[in-house]
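Below is one structure, written out as structure tokens; comments come after it.
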Amino acid sequence: MAAGKPVIRADHLSVRYEGEGVAVDALKDVTFEVEQGEFIVVLGPSGSGKSTLLNIVGGMDKPTGGEIWYKDRELTGYTADQLSDYRKDVVGFVFQFTTSSPP
């Protein structure tokens, strides 16, 4: 496959959850690109950040650091309305269990 612009690009993504004196890094400095037509698998043990990563790529959540791009659009700075349009026009989710879907 000829190299072109990536469809999805993550640059140094990080997600940190902070609680009562405890910080948990769900994602730390994640960088990758996905080309048009490329098949990828997100694989890892429970708690490794798979769902967190997919929620960011899908526009459901925002990272605490880094950038996520769809084609030439940087999603990190999108407003809630812009992310809603992105999800409506670009992204599709299939939830394994109904408890995984937002209310």
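Just so it is clear, none of the values below were taken in a lab; they were calculated from the coordinates. All values reported here derive from a predicted model rather than from experimental measurement. Because the Cβ atoms are built from the backbone with ideal geometry, glycine has one as well, and the counts that use them run over all protein chains shown.
In this rough spin-label picture, where each label sits 7 Å from Cα along the Cβ direction, the VAL22-LYS88 distance is 4.0 nm. Within the chain, all pairs of alpha-carbon atoms sorted by distance into 10 Å bins from zero give the percentages 13, 43, 36, 7, 1. Comparing VAL42, VAL57, VAL34 in a Gaussian network model of the chain where C-alpha atoms under 10 Å apart are linked, the largest mean-square fluctuation is found at VAL42. Within the listed set SER46, SER84, SER14, the Gaussian network model of the chain (springs between alpha-carbon atoms below 10 Å) gives the highest mean-square fluctuation for SER46.
Taking label points 7 Å from Cα along the Cα-to-Cβ direction, THR31 and PHE95 give a separation of 3.5 nm. To the nearest ten degrees, helix 80-89 and the longest principal axis of the Cα atoms of the chain are 50 degrees apart.
Treating r as the C-beta distance of LYS71 and PHE39 and R0 as 22 Å, the FRET efficiency rounds to 0.75. Adding -39500 (n - 2.57) for every DSSP H run of four residues or longer, then dividing by how many residues the chain holds, sets the calculated 222 nm ellipticity at -5000 deg cm²/dmol. The GluC sites (Glu not before Pro) of the stretch 23-90 that meet both conditions, a loop assignment by DSSP and at most 12 other Cβ atoms within 10 Å of the site Cβ, are GLU38.
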